[in-house]
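The values are calculated or read from the model by the stated rules, or taken from the named source; none is laboratory data. Worth saying up front: this structure is predicted, and the values here are computed from it rather than measured. Reconstructed Cβ throughout: ideal geometry from the backbone, glycine too, with neighbour counts over all protein chains shown.
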Amino acid sequence: MRAPDPIVSVVIATYRRPDLLRRCLLALCAQRIDPRGFEIIVADDGCERRIAELVAELAAHHPRIALRYVAVTRTQGPAGARNVGWRMARADIVAFTDDDTVPRPDWVCEGYIALAAAPAWSAAAGNVVVPMPTRPTDHERDTGGLAQAEFVTANCFVRRLALERVGGFDERFRRAWREDSDLQFRLEQLAGPVGRAGNAVVEHPVRPTRWGSSVSAQAKVFFDALLYKKHPIAYRQRIRRVPPWDYYVAVGALLVAFVATLIGRGDVAAAAACVWLAITAAFCARRLKGAALTPAHVAEMAVTSIVIPPLSLYWRIRGALHFRTVFL
């Protein structure tokens with residue numbers, strides 16, 4: 001006799017983080033719900049044997065839970081991996097979380113209850129808790145932003161019919177950035193309101209990172225251009241109200257100082273350099289306000305505050321050109 005379909009399918013996109021994935025899967029295996037009521041699908045964007053072996057190991061230790069593995073070979077990035085995962089799902093409600101989260105024991109149950117109680121909702125966003133020190137580093141504060149986000153794939157529940165209606169995630173978002181906002185906006189436009197599942201909680205511990213990680217993170221701005229092209233009004237209302245004019249002024253002042261130096265206008269170069277220095281110092285001070293003030297962190301903020309504006313504008317312009325949109 002065929003087993004009944006689960007009521008929730010949990011989809012996790014993962015990429016070469018077996019230790020974090022194990023922690024997440026163990027938390028899911030400890031959910032306070034009938035094991036037959038949900039399934040777990042691990043969509044492996046890295047196609048690694050060790051991930052497949054990890055899933056098989058945990059499936060053997062938890063035989064009552066449907067724990068499945070799929071290697072994602074056709075696409076690149078978490079958006080594509082999640083599409084592969086939810087299209088395998090057997091339940092009417094698909095829950096998404098990330099491999100570096102720790103879902104609380106009632107997470108699956110609370111997410112299901114929230115959607116079941118609001119049939120008009122196409123999806124519901126849960127709460128993300130990020131443990132933070134009193135004075136966080138820039139990286140810790142950046143991760144902590146997940147706790148205030150409207151809708152993130154670290155913790156959301158979406159009706160399968162709604163995913164089918166909007167076509168799932170846009171696979172052009174090849175990094176873990178803005179693909180969740182794009183899905184939210186399209187769900188609201190085409191499938192119904194997105195509500196809140198306040199009692200469905202995942203914890204998102206801050207991962208260690210290398211010095212200066214905020215510099216490489218600027219590459220994500222490339223995909224802001226795609227989100228802006230698709231949803232210009234929502235982007236300005238809910239993501240970034242105005243362009244980063246301070247970046248433009250800082251980079252412009254730096255270019256003026258360089259050109260003025262070349263043509264022998266030392267007075268103009270000095271004035272432009274002062275403008276650049278003032279804007280850069282103010283940017284650094286904002287990032288350090290309420291943050292950790294260790295010598296290493298202060299030095300990191302000083303150096304990266306110099307590098308971030310021109311690098312951010314580079315990725316912004318590159319994204320605008322690639323996606324053919326006017327994006328400032």
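All but one of (1) over 24 Å from residue 299 (Cα atoms); (2) surrounded by 14 or more Cβ atoms within 10 Å (Cβ to Cβ); (3) assigned by TED's automatic domain parsing to the domain that holds residue 301 hold for residue 232; which doesn't?
All conditions are met except number (2).
So if I check each of 191, 118, which one is aliphatic (A, V, I, L, M), more than 30 Å from residue 308 (Cα to Cα) and touching a helix residue (DSSP H, G or I) at 6+ places or on another chain (Cβ under 6 Å)?
191
Scan region 151-178 and report the pairs whose first residue is in the same structural domain as residue 114 (by TED's automatic domain parsing) and whose second residue is among the aromatic types (Phe, Trp, Tyr) and in a loop (DSSP other than H, G, I, E, B), with Cβ atoms within less than 8 Å and a gap of 6+ or a chain change.
Note: pairs meeting the criteria are 159/121.
Can you confirm whether region 188-206 contains a residue that is crowded, with 20+ Cβ neighbours inside 10 Å, in the same structural domain as residue 129 (by TED's automatic domain parsing) and among the basic types (Lys, Arg)?
Scanning region 188-206, I find no residue that is crowded, with 20+ Cβ neighbours inside 10 Å, in the same structural domain as residue 129 (by TED's automatic domain parsing) and among the basic types (Lys, Arg), so the answer is no.
Can residue 277 be described as in contact (Cβ under 8 Å) with a residue 24 or more places away in the chain and either surrounded by 13 or more Cβ atoms within 10 Å (Cβ to Cβ) or more than 25 Å from residue 172 (Cβ to Cβ) (or both)?
Working: in contact (Cβ under 8 Å) with a residue 24 or more places away in the chain: no; either surrounded by 13 or more Cβ atoms within 10 Å (Cβ to Cβ) or more than 25 Å from residue 172 (Cβ to Cβ) (or both): yes.
Judged against the criteria, residue 277 is not a match.
Condition test on residue 146, is it more than 30 Å from residue 286 (Cβ to Cβ) and either over 16 Å from the mean Cα position of the chain (by Cα) or assigned to a helix (DSSP H, G or I) (or both)?
Taking the combined requirement at face value, the residue does not satisfy it.
Could you check region 61-92 and list, in sequence order, the residues that are farther than 15 Å from residue 28 by Cα and aliphatic (A, V, I, L, M)?
Within region 61-92, 70, 71, 72, 79, 81, 84, 88, 89, 91 meet the criteria.
When the residues of region 149-195 are filtered to those that are among the charged types (D, E, K, R) and more than 18 Å from the chain's Cα centre (by Cα), which remaining residue is nearest to residue 111 (Cα to Cα)?
First, pick out the residues of region 149-195 that are among the charged types (D, E, K, R): 150, 159-160, 164-165, 170-172, 174-175, 178-180, 182, 186, 188.
Okay, now just the ones that are also more than 18 Å from the chain's Cα centre (by Cα), so 159-160, 164-165, 188.
Details: 159: 11, 160: 14, 164: 20, 165: 21, 188: 18 Å.
Among those that are among the charged types (D, E, K, R) and more than 18 Å from the chain's Cα centre (by Cα), it is 159.
Where in region 10-116 are there helices (runs of 4 or more DSSP H), lying fully within it, with 1 or more residues that are closer than 19 Å to residue 202 by Cα?
Numbers: elements: 18-29, 49-61, 78-88, 107-116.
Ranges flagged: 18-29, 78-88, 107-116.
Given (1) in contact with a Ser or Thr (Cβ under 8 Å, 6 or more places away or on another chain); (2) in contact (Cβ under 8 Å) with a residue 60 or more places away in the chain, identify the lone condition not met by residue 198.
Unmet for residue 198, out of (1) in contact with a Ser or Thr (Cβ under 8 Å, 6 or more places away or on another chain); (2) in contact (Cβ under 8 Å) with a residue 60 or more places away in the chain: (1).
Among the basic types (Lys, Arg), closer than 19 Å to residue 180 by Cβ and outside the structural domain of residue 186 (by TED's automatic domain parsing), is that true of residue 265?
No.
Condition test on residue 158, is it within 29 Å of residue 210 (Cβ to Cβ), of a type outside the set (Gly, Ala, Ser) and modelled with pLDDT of 95 or more?
no
Hey, can you tell me all the residues within region 292-324 that are surrounded by fewer than 18 Cβ atoms within 10 Å (Cβ to Cβ) and in a loop (DSSP other than H, G, I, E, B)?
293, 294, 324
Run residue 267 past the list (1) at negative phi; (2) in a loop (DSSP other than H, G, I, E, B); (3) not β-branched (Val, Ile, Thr) and report the number of the one that doesn't hold.
For residue 267, the failing item is (2).
Anything in region 240-259 that is aliphatic (A, V, I, L, M) and in contact (Cβ under 8 Å) with a residue 24 or more places away in the chain? List them, or say none.
Matches in region 240-259: 249, 250, 251, 253, 254.
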